[in-house]
Amino acid sequence: ETEIVRFDHLSTRKAGQRCFVVVHMHMPASWSLGRAAALRGSVEQALMSAVPGLRATIQLLPSDVEAHFDDPRDLI
């Protein structure tokens, strides 16, 4: 199995001086939750270090799952 991590469904917003980003991280099915959570934490910290005032949230999903939204406001 290929160890590819994919990011999609990126959503951003700003409230006052704070910026927010929400993104889906699709991980290989063979990964443990601990491994995926560790990578998620590293990516969130890297984003927040690169952009002062950013609050990053990454939702974990298996690589074979696609999230669909009827309303773009559901991404916020």
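Could you list, ordered by first residue, the pairs with Cβ atoms under 9 Å in which the first is in the range 51-69 and under 21 Å from Ala29 (Cα atoms) and the second is aliphatic (A, V, I, L, M) and modelled with pLDDT under 80, at least 6 apart or interchain? The qualifying pairs are Gln59/Ala67; Leu61/Ala67.
So, in the range 1-37, exactly how many residues are assigned to a helix (DSSP H, G or I), among the small types (Gly, Ala, Ser) and touching a residue at least 12 places away in the same chain (Cβ under 8 Å)? The qualifying residues number 2. Look through Met48, Met25 and report the one residue that is farther than 24 Å from Glu66 by Cβ and either within 11 Å of the chain's Cα centre (by Cα) or at pLDDT below 95 (or both). None of the others qualify; the one that does is Met48.
The values are calculated or read from the model by the stated rules, or taken from the named source; none is laboratory data. Keep in mind the model is a prediction, meaning the values are calculated, not measured. Glycine also receives a Cβ, built like all others from the backbone with ideal geometry; neighbour counts cover every protein chain displayed.
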